[in-house]
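Enquirer: Handing you a structure now.
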């Protein structure tokens, strides 16, 4: 038998047993006991932790890209209306919008893009109605079309470094990356890769915006000694499938240098040259590339020189053009060109020159134009003073002209078309004609 006694805290303990052994005291938790977190000081401490976490989250959000982004997407639009069977006898301006960030019209399907400040708007091609919007609290550098997507480049601290890819139908963001493009950059579409222009750096990406090549003065260099030359500046850039052409000016060269690069080398930070050659003179411009051929203007000799796959000179053609058309680097490092059904079209500044698609041989010249033109309704049209000239692509003969009221604007005009709409980029203004 064992006895029990009551302890001061309310528990009971044995006093003995017939076996002579004692049992350890058993402590019961008081029914009115409190959790440690019920104390006031603990609740205050927990509240402080929550406040600190919320404050940190707000601080991160306040400086994040998301805070400075406005995105309003849209449902997929109706199909694009068809183009007419031939260029109409009259065209009327349907709408216009400020768009200084689009060097050329940006159109895909039923959508036309305008871009100003930090804002990109997707518009109905016929009415101009805004369907979607993408805006950043950053200035735009440039906007272009590639891979049937809208490429948007915004300016950050060190240059044109924020690149966003948008679905033209909905405005939905499909890819984004940071890059090292320079201020004043343009985007050159090489049918596979897009290359940013610059005075000291060229950067190429594939369609998911993964970098494939960087050439020149690379910031934050990780692996030195991988560039073939240093101290060079770049005057003009062109591209074709798998290749990039650039005119360089290097301190030790007696003349300008033409270099053709692989758009996708084995390592993106180690450029691979297809060929490089010092040219006979200064102030050269790379005009166009097609297949293995590269066309370069030599102003001092007044020649258009065609180079082959290994840098060999295939042909040279005299140019009867004003000196102002031949000299100086093109704006943004890109010579104004466009493609037609059978050739490429180069705008010199006062004249359009048609080049053979197969080997870039000059085919014909039309003076008094305002741009390289575009295909519309199965025909090729060129901007001229007071309207458009419908021309035969093979001969350059003017079939007829169509009047266009440009409201006093007399500068260069870049054209594009989508369905029944002709688009004109008149400096900082975009206009739609139908």
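The values are calculated or read from the model by the stated rules, or taken from the named source; none is laboratory data. Worth saying up front: this structure is predicted, and the values here are computed from it rather than measured. Methodologically, a virtual Cβ is constructed for each residue, glycine included, from the backbone with ideal geometry; neighbour enumeration extends over all protein chains shown.
Enquirer: Only one of 360, 355 is part of a strand (DSSP E or B) and buried (at least 18 other Cβ atoms within 10 Å of the Cβ). Can you tell me which?
Expert: Just a single option satisfies the conditions, and that option is 355.
Enquirer: Looking at residue 274, is it modelled with pLDDT of 95 or more and assigned to a strand (DSSP E or B)?
Expert: Yes; evaluated as a whole, the condition is true for this residue.
Enquirer: Can you say whether residue 184 is surrounded by fewer than 21 Cβ atoms within 10 Å (Cβ to Cβ), modelled with pLDDT under 95, within 15 Å of the chain's Cα centre (by Cα) and over 19 Å from residue 430 (Cβ atoms), as far as the supplied structure shows?
Expert: Against the criterion (surrounded by fewer than 21 Cβ atoms within 10 Å (Cβ to Cβ), modelled with pLDDT under 95, within 15 Å of the chain's Cα centre (by Cα) and over 19 Å from residue 430 (Cβ atoms)), residue 184 does not qualify.
Enquirer: Among the residues of the range 155-177, what is the count of those that are modelled with pLDDT under 95 and under 22 Å from residue 268 (Cα atoms)?
Expert: Result for the range 155-177: 3.
Enquirer: Suppose the filter is under 18 Å from the mean Cα position of the chain (by Cα) and either under 14 Å from residue 424 (Cα atoms) or not in a strand (DSSP E or B) (or both); does residue 120 pass it?
Expert: So residue 120 fails the test.
Enquirer: Is it the case that some residue within the range 293-302 is within 28 Å of residue 210 (Cα to Cα), assigned by the TED database to the domain that holds residue 205, buried (at least 21 other Cβ atoms within 10 Å of the Cβ) and at pLDDT 95 or above?
Expert: Yes, the range 293-302 has at least one match.
Each row is one residue, and each column tells you yes or no for (1) in the same structural domain as residue 249 (by the TED database); (2) under 16 Å from residue 296 (Cα atoms); (3) over 30 Å from the mean Cα position of the chain (by Cα).
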| position | (1), (2), (3) |
| --- | --- |
| 327 | yes, yes, no |
| 350 | no, no, no |
| 358 | no, yes, no |
| 378 | no, no, no |
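Enquirer: So, in the range 197-225, exactly how many residues are more than 23 Å from residue 150 (Cα to Cα) and loosely packed, with under 14 Cβ neighbours inside 10 Å?
Expert: Qualifying residue count, the range 197-225: 7.
Enquirer: Shifting gears a bit: Regarding the range 216-229, can at least one residue be identified that is under 13 Å from the mean Cα position of the chain (by Cα) and assigned by the TED database to the domain that holds residue 290?
Expert: no
Enquirer: Going by the conditions given, is residue 422 buried (at least 23 other Cβ atoms within 10 Å of the Cβ) and out of contact with any helix residue (DSSP H, G or I) (no Cβ under 9 Å at 6 or more places or on another chain)?
Expert: For residue 422, the condition - buried (at least 23 other Cβ atoms within 10 Å of the Cβ) and out of contact with any helix residue (DSSP H, G or I) (no Cβ under 9 Å at 6 or more places or on another chain) - is met.
Enquirer: Can you pull out every residue in the range 284-331 that is out of contact with any strand residue (DSSP E or B) (no Cβ under 8 Å at 6 or more places or on another chain) and on the phi > 0 side of the Ramachandran plot?
Expert: 328
Enquirer: Being farther than 21 Å from residue 251 by Cβ, in a strand (DSSP E or B) and free of Cβ contacts under 8 Å to residues at least 60 places away in the same chain: is that true of residue 315 here?
Expert: yes
Enquirer: Quick check: is even one residue across the range 263-270 surrounded by 15 or more Cβ atoms within 10 Å (Cβ to Cβ) and either assigned by the TED database to the domain that holds residue 157 or closer than 14 Å to residue 188 by Cα (or both)?
Expert: yes
Enquirer: Hey, another quick one. So, in the range 277-305, how many residues would count as being assigned to a strand (DSSP E or B) and more than 29 Å from the chain's Cα centre (by Cα)?
Expert: The number of residues fulfilling the criteria is 6.
Enquirer: Somewhere in the range 397-410, is a residue within 18 Å of residue 336 (Cβ to Cβ), touching a residue at least 40 places away in the same chain (Cβ under 8 Å) and surrounded by 17 or more Cβ atoms within 10 Å (Cβ to Cβ)?
Expert: Checking the range 397-410: not a single residue is within 18 Å of residue 336 (Cβ to Cβ), touching a residue at least 40 places away in the same chain (Cβ under 8 Å) and surrounded by 17 or more Cβ atoms within 10 Å (Cβ to Cβ).
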